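A short write-up of the structure that comes next.
The values are calculated or read from the model by the stated rules, or taken from the named source; none is laboratory data. Since the model is a prediction, treat every value here as computed from it, not as a measurement. Methodologically, a virtual Cβ is constructed for each residue, glycine included, from the backbone with ideal geometry; neighbour enumeration extends over all protein chains shown.
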């Protein structure tokens, strides 16, 4: 039976250790990758997306609430009711009123469309007949 040389035994031991260490590092890397990927995905789905949707919802609400409140205020205004009921005789009064609403509330525009006369009143004057 031939004896193995010590150099051959040492070389095979080193190669075996390198292969085992490489496989261990590779397995650890893959396990860490999949664990962190699952953790990040879970964090995005359960934390980030709900926060983002809540933020978008609150921004939409903020942008809608103010115009709705202003239009609600205008609909309950006794001047507007009386002016429409009395026949919409002086369009300059409505123009002045709409301009005042626009400047007071910082709105981009203010308008009123009369159902009885089908007139489109704007803050800069009568725009057109609808």
task: Answer yes if at least one residue in region 9-21 is closer than 30 Å to residue 103 by Cβ, assigned to a helix (DSSP H, G or I) and either modelled with pLDDT of 85 or more or not assigned by TED's automatic domain parsing to the domain that holds residue 103 (or both), and no otherwise.
output: no
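Given 75, 32, 39, which one is at pLDDT 90 or above, under 31 Å from the mean Cα position of the chain (by Cα) and surrounded by 10 or more Cβ atoms within 10 Å (Cβ to Cβ)?
Working: 75 fails: at pLDDT 90 or above; 32 fails: under 31 Å from the mean Cα position of the chain (by Cα).
Within the list 75, 32, 39, the selection yields 39.
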- line: Those residues of region 111-126 which are on the phi < 0 side of the Ramachandran plot and in contact (Cβ under 8 Å) with a residue 24 or more places away in the chain amount to 112, 114, 116, 117, 119, 121, 122, 123, 124, 126
field: Test for residue 104: is it exposed (fewer than 14 other Cβ atoms within 10 Å of the Cβ) and assigned to a helix (DSSP H, G or I)
entry: yes
- request: Identify, by number, the condition in (1) within 36 Å of the chain's Cα centre (by Cα); (2) touching a residue at least 24 places away in the same chain (Cβ under 8 Å); (3) outside any helix (DSSP H, G or I) that residue 88 doesn't meet.
  value: (1)
